Amino acid sequence: MKQFIISLTLFAFSFIGNSQQLEQVLVELKEEGSWKLNQRINHFYDEDGFLSYTINETWSEDNNDWVNVSKLSYTRNNTGKSVENRKENWDQLQGIWVLVNRTTFSLDEKDRVVASTRQEWANNVWEEVQKEYTTYDDQDHVLTKKTFFQNNTQDTVLMINSYHYEYDSEGDIANYLFESPTKKMRSIYTKDDTGKLTRVVKEEFKNDQWEVYSKEEQHYHHAHGLDFTIQKVWFSMTNEWTNNSKSSYLKDANGLIEQNIGYAWTEKDERWNQVSRRTYIYAVQREETTDAKAFIRVYPNPTMKSIHIEHLSQGLITIIDSNGKVVFRKRNTEVNTEINVQSFPEGYYFIRLNDESIGNFVKVN
């Protein structure tokens, strides 16, 4: 039986344009034909609009609620560049965050990361476990990344992998080479006549020659850009490409990604089956307000009975289900409003105000 690897893409944004920030990412997995909540990543920003920390939660069927898993915090310099990332895990019994590791970044005069050091928290002290060094060309493109592992028991340092990048005349990546003590792989990027990336072919060096093992194809919508990607794997025994995984993107009228659906190819049925979906929830800043920190807020999420929407302007509120069907319309004249969604079927819903996306929510029963 052929084995398939499901490739899921998680997009991380600090800013979406000048008016929207990513607030949450909701992840569902499809089980026995139904979507089941799996995890939620919450994004929190500082007063300057930079990402301050994220909290990863998992859905508890027993408690019918979200449970903390991990937290990633960012410390930045005066230009907003991250100089330290710190990870903590949630201790369920004690009800506290527990330090796990941290990564500190060394920057050059151009605010580029030239070195990073990863340390693990053990026995109330920081122990260095990994270093990475980065070099650049004259156009500030990354040329190399080399990672070293610190063996504290034997007091030795070993290089565990390295990346080497090459670029085309437009400054876009053309290929990169990955090397470790046991493997050598490369990725080759191909663009069409308009400059869009259309294919990434991956090869591994075996038996003194390069052997292809997978490729990813990008497909575009004429107005909204990237529409879906398909990953295929190469089977040398049959000398053919076989579908493996697929990611499709649902976007709003401005091309902003609202949902990413992951598929796996079923060889027996020769069809794509949905396996995961990620919904992106944004905080939308009100352009007409004099308070730069006022954002449209949608809560609770997920919800069983109703949703509250705060910091609204006047206009037509529309709620659309994941199939694109309009399930609710209301002319709004209030700053804050509540909408009863108890009769809605379980699933994801998108909220628009005057045809502009202002948020998403999940209805659970």
Query raised in the report: What is the one condition in (1) within 24 Å of Val364 (Cα to Cα); (2) touching a residue at least 40 places away in the same chain (Cβ under 8 Å) that Glu47 does not satisfy?
Result: (1)
Query raised in the report: So which pairs qualify, if the first residue must be in segment 134-148 and hydrophobic (A, V, I, L, M, F, W, C), the second must be part of a loop (DSSP other than H, G, I, E, B), the Cβ gap must be under 7 Å, and the two must be at least 6 apart or on different chains?
Result: Leu143/Asp137
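Mind telling me which of the residues Arg112, Arg76, Arg40 ends up being among the charged types (D, E, K, R), surrounded by 12 or more Cβ atoms within 10 Å (Cβ to Cβ) and more than 22 Å from the chain's Cα centre (by Cα)?
Numbers: Arg76 fails: more than 22 Å from the chain's Cα centre (by Cα); Arg40 fails: more than 22 Å from the chain's Cα centre (by Cα).
Answer to the selection: Arg112.
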Query raised in the report: Is it true that some residue in segment 148-161 is modelled with pLDDT of 95 or more, farther than 29 Å from Tyr53 by Cα and either in contact with a Leu (Cβ under 6 Å, 6 or more places away or on another chain) or assigned to a strand (DSSP E or B) (or both)?
Result: no
Query - Members of segment 177-230 found to be part of a strand (DSSP E or B), surrounded by fewer than 14 Cβ atoms within 10 Å (Cβ to Cβ) and of a type in the set (S, T, N, Q), listed by number - result: Gln209
Query raised in the report: Taking Leu37 and the conditions (1) more than 24 Å from Ser248 (Cα to Cα); (2) at pLDDT 85 or above, which numbered condition does it fall short on, given that it satisfies the others?
Result: (1)
Report summary line: If we keep only residues of segment 96-120 that are in a strand (DSSP E or B) and basic (Lys, Arg), then the residue farthest from His141 (Cα to Cα) is Arg102
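Quick grid of which residues meet (1) assigned by TED's automatic domain parsing to the domain that holds Thr229; (2) modelled with pLDDT of 85 or more; (3) touching a strand residue (DSSP E or B) at 6+ places or on another chain (Cβ under 6 Å); (4) not polar (S, T, N, Q):
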| site | (1), (2), (3), (4) |
| --- | --- |
| Ile257 | yes, yes, yes, yes |
| Trp265 | yes, yes, yes, yes |
| Ser276 | yes, yes, yes, no |
| Lys293 | no, no, no, yes |
| Tyr299 | no, yes, yes, yes |
| Lys305 | no, yes, no, yes |
| Ile309 | no, yes, yes, yes |
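The values are calculated or read from the model by the stated rules, or taken from the named source; none is laboratory data. Predicted model only: the values in this text are computed from it and were never measured. Virtual Cβ from ideal backbone geometry, glycine too; neighbours counted across all protein chains shown.
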